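These notes are about the structure you will find just below.
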Amino acid sequence: MRSIIGFALSNYSLSFLVLGFVAAGIALMRRNRSSVAETMFAYYLLCAIGFSFLYNFVMHVFFQETASKFIGWAPSPFETEVGTASLGFALVAFLAFKGSYGLRIGAVVGPSAFLLGAAVGHVYQMLTVHNFAPGNAGVVLYTDIGVPLIGFVLLALTRPTLPSPS
């Protein structure tokens, strides 16, 4: 059980992505009137972006030593900057959970730019300094790519239909 909890906390981006899909499944079983894509998107925003980035905020601001070690870095004031940016992404995602499509675009695009940029940075670190720490080359690398891709797919699936020009 300890190793499962350790894996879930160390790979929180995957854990919260899965939690979002489980929550969406439960919500869909409880009510049939929502579209599957809409429900999946709402819980993706709540969990994979909102809770995940809130957790990232807590780790980088309050547990800098642990976060830095996990990534394979030395602690620095940069941790606080990453943490506060993560808090901003989390807050927008919480607002977008039941918000407008326009707000949801912002809740996906901002964190996606951050995550895809982080993925490039992780690969660079692997190639140049051979940093294969779990927080650099592990599950986090795959979710840095996968979470944005899923977000863009859900944006496309839930895009409102526009009226045809007259």
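Values quoted throughout were computed directly from the atomic coordinates according to the rules given, and no laboratory measurement underlies them. Model, not experiment: these values are computed from the prediction. Neighbour counts are summed over all protein chains in view; Cβ atoms, including those assigned to glycine, are modelled from backbone coordinates with ideal geometry.
Please list 145-157, 102-114 highest first by mean number of surrounding beta-carbon atoms within 10 Å per residue.
Details: 145-157: 17.1, 102-114: 18.7.
Highest mean packing first, the order is 102-114, 145-157.
With a ≥ b ≥ c taken as the square roots of the eigenvalues of the C-alpha gyration tensor of the stretch 116-159, please select rounded if a/c is under 1.5 and otherwise prolate if a/b is larger than b/c or oblate if it is not? Can you show the working numbers first?
Values: a/c = 5.84, a/b = 2.90, b/c = 2.01.
Prolate.
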Per its Cα gyration tensor (rounded if a/c is under 1.5, else prolate when a/b beats b/c, else oblate), the stretch 22-84 is best filed as prolate
Stretched fully, the stretch from Val153 through Ser10 gains (0.36 nm per residue minus C-alpha distance, one decimal, in nm) 48.9 nm
One checks the Cα atoms of the chain and finds Rg and Dmax, in Å, of 16.9, 62
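Find the Rg to Rh ratio for the stretch 87-158, where Rh is the Kirkwood radius over alpha-carbon pairs and Rg uses the same atoms. The partial results should precede the final answer.
Details: Rg = 14.0 Å, Rh = 13.0 Å.
Rg divided by Rh gives 1.07.
What does the helix-only formula give at 222 nm for the chain: each DSSP H stretch with n ≥ 4 adding -39500 (n - 2.57), the total divided by the residues, and the result rounded to the nearest 500 deg cm²/dmol? Could the numbers behind the result be given before it?
Numbers: 9 runs with 126 residues, N = 166.
Calculated from helices alone, the mean residue ellipticity at 222 nm is -24500 deg cm²/dmol.
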For the chain the mean separation of alpha carbon contacts under 8 Å (6+ apart) over residue count, i.e. relative contact order in percent, is 24
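Provide the packing ranking of 136-143, 78-85, 46-53, i.e. peptides ordered by the mean count of other C-beta atoms within 10 Å per residue, highest first.
Numbers: 136-143: 18.9, 78-85: 15.9, 46-53: 25.2.
Output ranking for 136-143, 78-85, 46-53: 46-53, 136-143, 78-85.
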In the chain, whole DSSP H helices that both stretch 18 Å or further along their axis by alpha carbon positions and average at least -1.0 on the Kyte-Doolittle scale are 12-30, 78-96, 101-129, 139-157
